[in-house]
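Only one structure is covered here, and it is reproduced in the block below.
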Amino acid sequence: LGTASAPTLDAAIAERLRGLARRYDRLDGEIASTIPRQRIVISQYYDPTIGTGGAFCKVHMGPGTIDAHEAQWAHTRVLGALNAVVAQAAHAHHWTLVDGVQEAFAGHGICAKPADQVWVRTLAQSYLWQDARLAFSSIAGTLHPNRSGHRAIAGRIEPKLAGVLGATTAPRPRDVRDA
(Lines give C-alpha, C1' and ligand atoms only; values in the text may rest on other atoms or scores of the structure.)
Protein backbone atom coordinates (compact mmCIF):
# COMPACT_ATOMS: atom_id res chain seq x y z
CA LEU A 1 0.00 0.00 0.00
CA GLY A 2 3.04 2.26 -0.24
CA THR A 3 3.42 5.11 -2.65
CA ALA A 4 4.69 4.59 -6.17
CA SER A 5 8.06 5.92 -5.02
CA ALA A 6 8.30 3.44 -2.13
CA PRO A 7 11.02 0.79 -2.58
CA THR A 8 10.06 -2.78 -3.23
CA LEU A 9 10.63 -5.27 -0.44
CA ASP A 10 13.56 -6.69 -2.42
CA ALA A 11 15.13 -3.23 -2.71
CA ALA A 12 14.55 -2.45 0.96
CA ILE A 13 16.14 -5.73 2.08
CA ALA A 14 19.09 -5.25 -0.29
CA GLU A 15 19.68 -1.79 1.17
CA ARG A 16 19.51 -3.11 4.74
CA LEU A 17 22.01 -5.84 3.87
CA ARG A 18 24.39 -3.26 2.39
CA GLY A 19 24.02 -1.36 5.66
CA LEU A 20 24.81 -4.53 7.60
CA ALA A 21 27.98 -5.01 5.57
CA ARG A 22 29.05 -1.45 6.42
CA ARG A 23 28.31 -2.11 10.10
CA TYR A 24 30.51 -5.23 10.02
CA ASP A 25 33.29 -3.08 8.53
CA ARG A 26 32.92 -0.55 11.35
CA LEU A 27 32.81 -3.33 13.95
CA ASP A 28 36.04 -4.79 12.62
CA GLY A 29 37.68 -1.39 12.83
CA GLU A 30 36.58 -0.99 16.43
CA ILE A 31 37.59 -4.40 17.77
CA ALA A 32 40.48 -5.55 15.57
CA SER A 33 43.03 -3.78 17.76
CA THR A 34 41.85 -5.61 20.89
CA ILE A 35 40.89 -9.07 19.62
CA PRO A 36 42.90 -11.10 17.11
CA ARG A 37 40.70 -11.30 14.03
CA GLN A 38 40.82 -15.09 13.71
CA ARG A 39 39.39 -15.33 17.26
CA ILE A 40 36.24 -13.50 16.18
CA VAL A 41 33.63 -16.16 15.46
CA ILE A 42 30.56 -15.26 13.40
CA SER A 43 27.76 -17.65 12.58
CA GLN A 44 25.55 -17.77 9.56
CA TYR A 45 21.79 -17.99 10.10
CA TYR A 46 19.44 -20.96 10.15
CA ASP A 47 16.61 -21.40 7.66
CA PRO A 48 13.06 -22.31 8.77
CA THR A 49 11.65 -22.34 5.21
CA ILE A 50 12.40 -25.88 4.00
CA GLY A 51 10.43 -28.89 5.16
CA THR A 52 10.37 -32.59 4.47
CA GLY A 53 11.92 -33.69 1.20
CA GLY A 54 13.31 -30.24 0.46
CA ALA A 55 9.90 -28.69 -0.19
CA PHE A 56 9.42 -25.04 0.66
CA CYS A 57 7.00 -24.61 3.54
CA LYS A 58 3.40 -23.55 3.32
CA VAL A 59 2.14 -22.77 6.80
CA HIS A 60 -0.75 -20.93 8.41
CA MET A 61 0.64 -18.18 10.65
CA GLY A 62 -2.23 -16.67 12.61
CA PRO A 63 -3.82 -13.97 10.48
CA GLY A 64 -2.22 -15.18 7.26
CA THR A 65 -0.47 -17.93 5.39
CA ILE A 66 3.09 -18.19 4.15
CA ASP A 67 2.95 -20.06 0.87
CA ALA A 68 5.74 -22.07 -0.74
CA HIS A 69 6.58 -19.26 -3.18
CA GLU A 70 7.01 -16.80 -0.28
CA ALA A 71 9.11 -19.31 1.65
CA GLN A 72 11.35 -19.78 -1.41
CA TRP A 73 11.66 -16.00 -1.73
CA ALA A 74 12.67 -15.71 1.96
CA HIS A 75 15.14 -18.58 1.55
CA THR A 76 16.87 -16.96 -1.41
CA ARG A 77 16.37 -13.21 -1.13
CA VAL A 78 16.56 -12.84 2.65
CA LEU A 79 18.37 -15.76 4.30
CA GLY A 80 20.66 -16.62 1.40
CA ALA A 81 21.56 -12.96 0.93
CA LEU A 82 22.05 -12.47 4.68
CA ASN A 83 24.34 -15.48 4.90
CA ALA A 84 26.32 -14.19 1.92
CA VAL A 85 26.88 -10.88 3.74
CA VAL A 86 28.01 -12.74 6.87
CA ALA A 87 30.41 -14.91 4.81
CA GLN A 88 31.78 -11.88 2.97
CA ALA A 89 32.43 -10.07 6.26
CA ALA A 90 34.18 -13.10 7.71
CA HIS A 91 36.36 -13.45 4.61
CA ALA A 92 37.14 -9.73 4.32
CA HIS A 93 38.07 -9.35 7.98
CA HIS A 94 39.68 -12.79 8.53
CA TRP A 95 37.08 -13.79 11.10
CA THR A 96 36.21 -17.43 11.77
CA LEU A 97 33.00 -18.29 9.93
CA VAL A 98 30.52 -20.84 11.22
CA ASP A 99 28.95 -21.89 7.95
CA GLY A 100 26.52 -24.62 6.93
CA VAL A 101 23.85 -23.60 9.44
CA GLN A 102 21.27 -22.82 6.74
CA GLU A 103 21.98 -26.13 5.01
CA ALA A 104 21.80 -28.08 8.29
CA PHE A 105 18.22 -26.89 8.76
CA ALA A 106 17.08 -28.16 5.34
CA GLY A 107 14.20 -30.57 5.95
CA HIS A 108 13.63 -29.24 9.47
CA GLY A 109 11.67 -26.07 8.70
CA ILE A 110 8.39 -25.08 10.25
CA CYS A 111 6.41 -27.47 8.02
CA ALA A 112 8.59 -30.58 8.46
CA LYS A 113 6.90 -33.92 9.06
CA PRO A 114 6.74 -35.61 11.45
CA ALA A 115 6.47 -32.73 13.90
CA ASP A 116 9.50 -33.88 15.89
CA GLN A 117 11.62 -33.00 12.83
CA VAL A 118 10.70 -29.30 13.10
CA TRP A 119 13.65 -27.34 14.49
CA VAL A 120 11.83 -24.03 15.03
CA ARG A 121 9.01 -22.84 17.26
CA THR A 122 5.55 -22.69 15.77
CA LEU A 123 3.17 -19.82 16.38
CA ALA A 124 1.17 -21.94 18.85
CA GLN A 125 4.28 -23.01 20.78
CA SER A 126 5.47 -19.45 21.02
CA TYR A 127 2.08 -18.26 22.23
CA LEU A 128 1.62 -21.04 24.78
CA TRP A 129 5.16 -21.18 26.12
CA GLN A 130 6.22 -17.55 26.13
CA ASP A 131 3.44 -15.32 27.32
CA ALA A 132 0.02 -16.86 26.62
CA ARG A 133 -1.75 -13.57 26.09
CA LEU A 134 -2.58 -11.60 23.00
CA ALA A 135 0.52 -9.45 22.65
CA PHE A 136 3.50 -9.39 20.31
CA SER A 137 5.68 -10.81 23.08
CA SER A 138 3.59 -13.97 23.07
CA ILE A 139 4.37 -14.76 19.42
CA ALA A 140 7.82 -13.18 19.07
CA GLY A 141 9.52 -16.57 19.35
CA THR A 142 7.79 -17.96 16.27
CA LEU A 143 10.31 -19.37 13.75
CA HIS A 144 13.17 -19.17 16.29
CA PRO A 145 15.12 -22.40 16.90
CA ASN A 146 13.78 -24.90 19.40
CA ARG A 147 16.01 -27.24 21.41
CA SER A 148 16.80 -29.44 18.42
CA GLY A 149 17.52 -26.40 16.27
CA HIS A 150 19.85 -24.94 18.88
CA ARG A 151 21.67 -28.26 19.15
CA ALA A 152 22.13 -28.31 15.37
CA ILE A 153 23.54 -24.79 15.43
CA ALA A 154 25.79 -25.69 18.38
CA GLY A 155 27.06 -28.65 16.38
CA ARG A 156 28.27 -26.21 13.71
CA ILE A 157 29.72 -23.70 16.21
CA GLU A 158 31.50 -26.14 18.52
CA PRO A 159 34.33 -27.29 16.20
CA LYS A 160 35.00 -23.74 14.99
CA LEU A 161 35.09 -22.40 18.55
CA ALA A 162 37.29 -25.28 19.70
CA GLY A 163 39.70 -24.50 16.89
CA VAL A 164 39.83 -20.82 17.83
CA LEU A 165 40.39 -21.66 21.49
CA GLY A 166 42.80 -24.52 20.85
CA ALA A 167 40.51 -26.91 22.71
CA THR A 168 39.14 -30.33 21.95
CA THR A 169 35.44 -30.87 21.46
CA ALA A 170 33.49 -32.70 24.12
CA PRO A 171 31.22 -35.66 23.40
CA ARG A 172 27.78 -34.39 22.38
CA PRO A 173 24.96 -35.15 24.80
CA ARG A 174 21.96 -37.08 23.55
CA ASP A 175 19.42 -34.82 21.92
CA VAL A 176 16.34 -34.44 24.06
CA ARG A 177 13.24 -33.52 22.07
CA ASP A 178 11.11 -30.54 22.84
CA ALA A 179 8.03 -31.12 24.96
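Checking the structure you have, find out if any residue of the range 34-49 is open to solvent by less than 80 Å² (accessible area, probe 1.4 Å) and free of Cβ contacts under 8 Å to residues at least 40 places away in the same chain. Please lay out each step first, then the result.
Of the residues in the range 34-49, the ones open to solvent by less than 80 Å² (accessible area, probe 1.4 Å) are 35-36, 40-44, 46-49.
Checking the rest, the ones that are also free of Cβ contacts under 8 Å to residues at least 40 places away in the same chain come to 35-36.
Among the residues of the range 34-49, at least one is open to solvent by less than 80 Å² (accessible area, probe 1.4 Å) and free of Cβ contacts under 8 Å to residues at least 40 places away in the same chain, which makes the answer yes.
If H60 passes every condition in (1) closer than 18 Å to P145 by Cβ; (2) assigned to a strand (DSSP E or B) but one, which one does it miss?
(1)
Which residues, counting only those in the range 4-39, are within 14 Å of W95 (Cα to Cα) and in contact with a Leu (Cβ under 9 Å, 6 or more places away or on another chain)?
Passing the criteria: only R39.
Within the range 110-122, how many residues are open to solvent by less than 50 Å² (accessible area, probe 1.4 Å) and either closer than 26 Å to A11 by Cα or over 12 Å from the mean Cα position of the chain (by Cα) (or both)?
Total meeting the criteria: 5.
For V164, state whether it is over 25 Å from M61 (Cα atoms), modelled with pLDDT of 95 or more, β-branched (V, I, T) and surrounded by 15 or more Cβ atoms within 10 Å (Cβ to Cβ).
Considered against the rule, which asks whether it is over 25 Å from M61 (Cα atoms), modelled with pLDDT of 95 or more, β-branched (V, I, T) and surrounded by 15 or more Cβ atoms within 10 Å (Cβ to Cβ), V164 comes out as no.
Tell me whether the range 77-85 contains one or more residues that are under 18 Å from the mean Cα position of the chain (by Cα), among the β-branched types (V, I, T), crowded, with 18+ Cβ neighbours inside 10 Å and assigned to a strand (DSSP E or B).
Within the range 77-85, none of the residues are under 18 Å from the mean Cα position of the chain (by Cα), among the β-branched types (V, I, T), crowded, with 18+ Cβ neighbours inside 10 Å and assigned to a strand (DSSP E or B).
Against the condition open to solvent by 40 Å² or more (accessible area, probe 1.4 Å), charged (D, E, K, R), assigned to a helix (DSSP H, G or I) and within 18 Å of G107 (Cα to Cα), how does E15 come out, does it pass?
no
For residues that are under 17 Å from the mean Cα position of the chain (by Cα) and either open to solvent by 20 Å² or more (accessible area, probe 1.4 Å) or among the basic types (K, R) (or both), tally how many sit in the range 86-101.
Of the residues in that region, 4 qualify.
For the range 18-33, enumerate the residues that are open to solvent by 80 Å² or more (accessible area, probe 1.4 Å) and not in a helix (DSSP H, G or I). Write out each step before concluding.
Filtering the range 18-33 down to residues open to solvent by 80 Å² or more (accessible area, probe 1.4 Å) leaves 18, 22-23, 25-26, 30, 33.
Residue satisfying the conditions is S33 alone.
With the requirement that a residue be touching a Phe, Trp or Tyr at 6+ places or on another chain (Cβ under 7 Å) and open to solvent by less than 30 Å² (accessible area, probe 1.4 Å), what does the range 50-76 give you?
Listed by number, the residues that qualify are I50, A71.
The values are calculated or read from the model by the stated rules, or taken from the named source; none is laboratory data. None of the values given here were measured: they were computed from a predicted structure. All Cβ positions, even for glycine, are placed from backbone atoms using ideal geometry, and neighbour counts span all protein chains on display. Heads up: the accessible areas ignore ligands, DNA and RNA and are worked out on the full protein's heavy atoms, side chains in. Shrake-Rupley method; radii C 1.70, N 1.55, O 1.52, S 1.80 Å.
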